[in-house]
Amino acid sequence: MISIVRRRSVRVVLLIVLIVFGLTKCIDKNSNKSDAEAISDSPATPQLHAPSYSQFAGGGKCAGCHKDIYEDHKKTGHFLTSRPPDPAYILGSFKEGKNRYDYNPSLVVVMEKRDSGLYQVVYFKGEEKVALPFNMVVGSGTKGQTFVHQKGNRLYQLPISYFSEADQWSNSPGFPSRVLFDRPITTRCLECHATFAETITPPGQEPEEFNDKKIIYGVDCERCHGPAVEHVEFHTANPGEVRGKHIQDPSALTRQQIVDLCALCHGGKMDKIQPSFTFTAGDKLSDFFIPDSLQALAVNLGNVDVHGNQNGLLKASKCYTMSSTLTCVSCHNPHKNERGSLAVFSQRCMGCHSAGHEPICKMTGKLGSSITSNCIDCHMPKQVSRAIALQMPGEDVPRAALIRSHFISIYPDETSKFLRSSEKPLAKPK
Ligand code: HEC
Ligand code: HEC
Ligand code: HEC
Ligand code: HEC
Ligand code: HEC
Ligand code: HEC
Ligand code: HEC
């Protein structure tokens, strides 16, 4: 407790310093501008600074004292969402015949294992044009993976991605039907898919340049709990201390703070007003981002896209608006991979919807006790994503990934579909 109060006061002082600094910088900047330009820049927002690499202990350090959480967490999409370019982490095939993407008969990209590493090699009319190395893997592979190559200190998305549903290489989402290799990977991309990445360009300067020795892969412990080198040092030196020090107590977070933490990455498209990696657990998201106003409209129409906006969709649901306690962690254990465990999730629904916790499902009479194993397919159906859609060879329209809607509601069509599929003689003895 004491440590938190101290941290807050340090932060307030820091904030004041930053405001003063920010203001002077702003005046400075505005003196070279016309009045109209100067007005459009106000009000002045103090620019925060991202933490430094040395403040991170690394998730491996946590294992010593939080073994169970660490072991569970290693299996999550979060932990696995960015990794070095080890062949073991890449789901697409490098075997001849399965290792290519044909844009057209003359233009082909082949995924090759060479002595110096893994490459996407572009061939035009059979002649090698360029070989781009795989330098990073993005995505655990639930829906797909995309790859990063490094040129100098800059990072770019490779033209070919992997689409899990089809188990195939495909054109990277949103790429045109020609080879493109100049789409930059930014800190915003890594802010959602990594724990930390140090830039060597000043904030705001684009394209950004990175120090490739100072990238911390995966959404690891310290992405959610904040840099923890002090916490580790303190507890290593004081093994008798049973209360967590120099770390935000997650049970003290308010509903808004927890949802904001998850919404940093599950809030869809937002424009940042602070540099990437400055937001940390306990902060208020609206101090760091301007939510997309068009997106808010889409949420109201229940028609929002995900890569992913679970936050916006959940907040439009009655479960959220009419309860005062529901957060993402009411249903999700933040440290465990529970993907596919629909019965487990359904139990969590019944914490608020079962005898004694009304309303209960109006289909209860009709479906009997079998209802308890799957509330999800009727009330949180899978819908097509417009952001994660990949171009498959030989197909005219991109194929989209399916994603669970977090607009928890009544979907008559899904109910019919569910009832039809359960009428099939599932229990027929073989
Ligand atoms: C040397 C032992 C040690 C190491 C290493 C360690 N912790 Fe802890 N941590 C503790 C103890 C002791 C507590 C308090 C008891 C508890 O909650 O488990 C704690 C509590 C916490 C809490 C809850 C805070 C609270 O107030 O209850 C979080 C979050 C946490 N640690 C995160 C981490 C992370 C992230 C790492 C790795 C970067 C880490 N810890 C490494 C000993 C350690
Ligand atoms: C996606 C964000 C996220 C990641 C990644 C994450 N945590 Fe947590 N952690 C949370 C949240 C949120 C809570 C509070 C959960 C609650 O209130 O039910 C929490 C609670 C805790 C606690 C205290 C309560 C408990 O369960 O014992 C500890 C200790 C902890 N985390 C350690 C870790 C460690 C160690 C790692 C990495 C191996 C890690 N966390 C990774 C979000 C995260
Ligand atoms: C730093 C960004 C970040 C934060 C913060 C974050 N997530 Fe995620 N989350 C991701 C990314 C990226 C993925 C996709 C990972 C993948 O599969 O490659 C993901 C995936 C998930 C999944 C899907 C796992 C699966 O495969 O079924 C769940 C559930 C989830 N997050 C819940 C949460 C919750 C709850 C919180 C808040 C406690 C949270 N996330 C905070 C980035 C984040
Ligand atoms: C606002 C946070 C955010 C940003 C920015 C972001 N992503 Fe994601 N990404 C997610 C989340 C969350 C998921 C999990 C799927 C979902 O819920 O939509 C995801 C899923 C993915 C997946 C599929 C992962 C899997 O295992 O199925 C890939 C690949 C991916 N993102 C790549 C990228 C790349 C490349 C960039 C930058 C150009 C990027 N993302 C920018 C949050 C983000
Ligand atoms: C924290 C408690 C809580 C949890 C957990 C919860 N809900 Fe709700 N839910 C509510 C409340 C409160 C309402 C509004 C009830 C009312 O209208 O009086 C609601 C309403 C609903 C409705 C009616 C929606 C509408 O638009 O009419 C459905 C359907 C529903 N919940 C399904 C679910 C499912 C499925 C889950 C699990 C995935 C779930 N709920 C988890 C609290 C919760
Ligand atoms: C009422 C329960 C409930 C709440 C609250 C909830 N989720 Fe989920 N979430 C689910 C269920 C159920 C699934 C589907 C799991 C599966 O298919 O394995 C899911 C799936 C996901 C996925 C994977 C989506 C996909 O289709 O791949 C992500 C990401 C996610 N949730 C993030 C969040 C975030 C972030 C929040 C808070 C803003 C949140 N969830 C709140 C129940 C909930
Ligand atoms: C076969 C599809 C189906 C399944 C499975 C299902 N529901 Fe429903 N649910 C519905 C439909 C349809 C309605 C609206 C019925 C009506 O209005 O007559 C509904 C209504 C509800 C309501 C609103 C009740 C009210 O009085 O406003 C809640 C809450 C709810 N369901 C929760 C759940 C929970 C929790 C589960 C899992 C234990 C579940 N449902 C399983 C289809 C389903």
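No value in this document is a laboratory result; all are computed from the given coordinates. Since this is a predicted model, take the numbers as computed values, not measurements. Methodologically, a virtual Cβ is constructed for each residue, glycine included, from the backbone with ideal geometry; neighbour enumeration extends over all protein chains shown.
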Query raised in the report: Just one of Ala263, Ala281 is within 19 Å of Ser52 (Cα to Cα) and within 16 Å of ligand 6 (Cβ to nearest atom); which is it?
Result: Ala281
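Taking the stated definitions as given, is Lys336 within 16 Å of ligand 1 (Cβ to nearest atom), assigned to a loop (DSSP other than H, G, I, E, B) and farther than 21 Å from Asn309 by Cβ? Step through it out loud before you land on a result.
Numbers: within 16 Å of ligand 1 (Cβ to nearest atom): yes; assigned to a loop (DSSP other than H, G, I, E, B): yes; farther than 21 Å from Asn309 by Cβ: yes.
Criteria met by Lys336.
Being out of contact with any His (no Cβ under 9 Å at 6 or more places or on another chain) and surrounded by 15 or more Cβ atoms within 10 Å (Cβ to Cβ) is the filter here; which residues of the range 47-57 pass it?
Of the residues in the range 47-57, the ones out of contact with any His (no Cβ under 9 Å at 6 or more places or on another chain) are 47-56.
Those that are out of contact with any His (no Cβ under 9 Å at 6 or more places or on another chain) and surrounded by 15 or more Cβ atoms within 10 Å (Cβ to Cβ): Gln47, Leu48, Ala50, Pro51, Tyr53, Phe56.
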Query raised in the report: Applying the selection to the range 316-333, what residues are surrounded by 16 or more Cβ atoms within 10 Å (Cβ to Cβ) and in a loop (DSSP other than H, G, I, E, B)?
Result: Ala316, Ser317, Leu326, Thr327
Query raised in the report: For the range 199-225, which residues satisfy the criterion of being assigned to a loop (DSSP other than H, G, I, E, B) and hydrophobic (A, V, I, L, M, F, W, C)?
Result: Ile200, Val219
Query raised in the report: Checking Tyr119 against (1) over 20 Å from Ser161 (Cβ atoms); (2) more than 16 Å from ligand 4 (Cβ to nearest atom); (3) crowded, with 18+ Cβ neighbours inside 10 Å, which single condition isn't satisfied?
Result: (1)
Query raised in the report: Say we look at the range 330-369 and pick out the residues that are under 18 Å from Ser421 (Cα atoms) and in contact (Cβ under 8 Å) with a residue 12 or more places away in the chain; which of these is farthest from ligand 4 (Cβ to nearest atom)?
Result: Met363
Query raised in the report: Restricting the search to the range 142-198, which residues are among the polar types (S, T, N, Q), without any contact (Cβ under 8 Å) to a residue 60 or more places away in the chain and in a strand (DSSP E or B)?
Result: Gln145, Thr146, Gln157
Query raised in the report: For the range 306-346, what are the residues that are farther than 22 Å from Ser286 by Cβ, touching a Ser or Thr at 6+ places or on another chain (Cβ under 8 Å) and near ligand 5 (Cβ under 9 Å from one of its atoms)?
Result: Lys318, Ser346
